[in-house]
1. Given (1) of a type in the set (K, R); (2) open to solvent by 30 Å² or more (accessible area, probe 1.4 Å); (3) in contact with a helix residue (DSSP H, G or I) (Cβ under 8 Å, 6 or more places away or on another chain), identify the lone condition not met by R203.
2. Please give the helices (runs of 4 or more DSSP H) falling wholly within region 293-356 in which 1 or more residues are closer than 23 Å to E152 by Cα and modelled with pLDDT under 95.
3. When only residues in region 127-150 that are outside any loop (DSSP other than H, G, I, E, B) and touching a Lys or Arg at 6+ places or on another chain (Cβ under 6 Å) count, which is most open to solvent (accessible area, probe 1.4 Å)?
4. For the condition in contact with a Pro (Cβ under 6 Å, 6 or more places away or on another chain) and of a type outside the set (K, R), what is the one hit in A245, A281?
5. Does A15 count as small (G, A, S) and buried (at least 18 other Cβ atoms within 10 Å of the Cβ)?
6. If a residue has to be surrounded by fewer than 22 Cβ atoms within 10 Å (Cβ to Cβ), of a type outside the set (K, R) and within 30 Å of N96 (Cβ to Cβ) to count, how many in region 157-177 make the cut?
7. Tell me which residues, restricted to region 26-56, are among the β-branched types (V, I, T) and under 28 Å from the mean Cα position of the chain (by Cα).
8. Assess whether D41 counts as being among the acidic types (D, E) and closer than 27 Å to N346 by Cβ.
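The values are calculated or read from the model by the stated rules, or taken from the named source; none is laboratory data. It should be emphasised that the depicted structure is a prediction, and the values quoted were computed from it without experimental measurement. Methodologically, a virtual Cβ is constructed for each residue, glycine included, from the backbone with ideal geometry; neighbour enumeration extends over all protein chains shown. Protein only, heavy atoms only, side chains kept; ligands, DNA and RNA dropped before computing areas. Shrake-Rupley method; radii C 1.70, N 1.55, O 1.52, S 1.80 Å.
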Amino acid sequence: MLAVLSKGDAVSNDALAIHKLIKRAGYEAVLCAERAYYTPDGEKIIPADDLGFIREDDIVLYHLSTGTGLNYRLGQIRCKKIIRYHNVTPPEFFQNCSTLKIASAMDGLYGAKYLADKADFCICVSDYNRQDLYRMNYRCPMCVVPILIAFEDYRTVPNQEILAGMKNTTDIVFTGRIAPNKRQEDVIQAFYYYQKYYNPDARLHLVGNPAGMENYYEKLLWYVKKLDVKNVNFTGHISFADMLAYYAGGNLLLCMSDHEGFCVPLVEAMYFSVPIIAKEAAAVGETLGDAGILLKDPSPAETAAVMNRVLTDPVLRQKIIQNEKERLEDFATERVEQQLLEALENFVSGKMRESL
């Protein structure tokens, strides 16, 4: 069960992958969503406007990530409840950008706190998220299992036209919805210094949908113009094949995000052997591990210098890529599936224990 099922969304992808895993394991399983913007092949989505179909001996695996009345309705249903916690972006990130997002974030945090004494088990996507639940007074058993990424989907052929256009250029990429917590302005500023002092022909691709964040998006466009930085590409909402092309053709992933409950783009970059530079914040360092360069409170000029080092030092670049390959094994589909099944089976059998 989840609030919003949409194509390409990290929470939706995790929910669908777990749903398929549960069915393969022999459990009877259904998908339930408050809002469904698409229906996966062979699946039926049960609307979450009426939860009367849930029986007392059912287990609901609920993906909690946003403000929704579903948080409260679920809390009132008599059944076993497992919370798959993806984190809720704090409302302060949306100040002066979106009143609606502020309200949604506040509602999400209130909803998460409301479920604290109603959850029977929590499977968090990061330890950062588990600590978040502890602070909300969750006392049920909890474990950490990373997001289940269906890597077979990434074998799709990327957009060849985009890929061809990145063949002989230096392309910096950041993937993530256009949102203040992602700090795209910091990516732009670091790129400005890199372009000014190291590579005037470099290009920056900000891959993400600005829908709902138009105010922030306009500020970013103004900022690019103010800095007079060249070759900044806002892709907007694009297809999966288009996104794969930016990874396949990218020379560096630069992540300056201030808040991530996991940060799937880091793992995607590892899959495509794209070197990563990221700011240490929230769950970013936990997900990255030793698979890239983690910066603590970097200035834009310092970040640009590190970018130049990674892009011009083949030994360092190869070391980062090798570390990425090793770190990627921790997110291997089969490995995460096994962790999830063990957690679920321990819960079903009553042998549930908190992982340390």
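1. Of everything listed in (1) of a type in the set (K, R); (2) open to solvent by 30 Å² or more (accessible area, probe 1.4 Å); (3) in contact with a helix residue (DSSP H, G or I) (Cβ under 8 Å, 6 or more places away or on another chain), R203 misses just condition (3).
2. Working: elements: 300-312, 314-328, 333-349.
Hits in region 293-356: none.
3. V144
4. On inspection, the qualifying residue turns out to be A245.
5. Taking the combined requirement at face value, the residue satisfies it.
6. Going through region 157-177 one residue at a time, the tally reaches 1.
7. Result: V30, T39, I45, I46.
8. So D41 fails the test.
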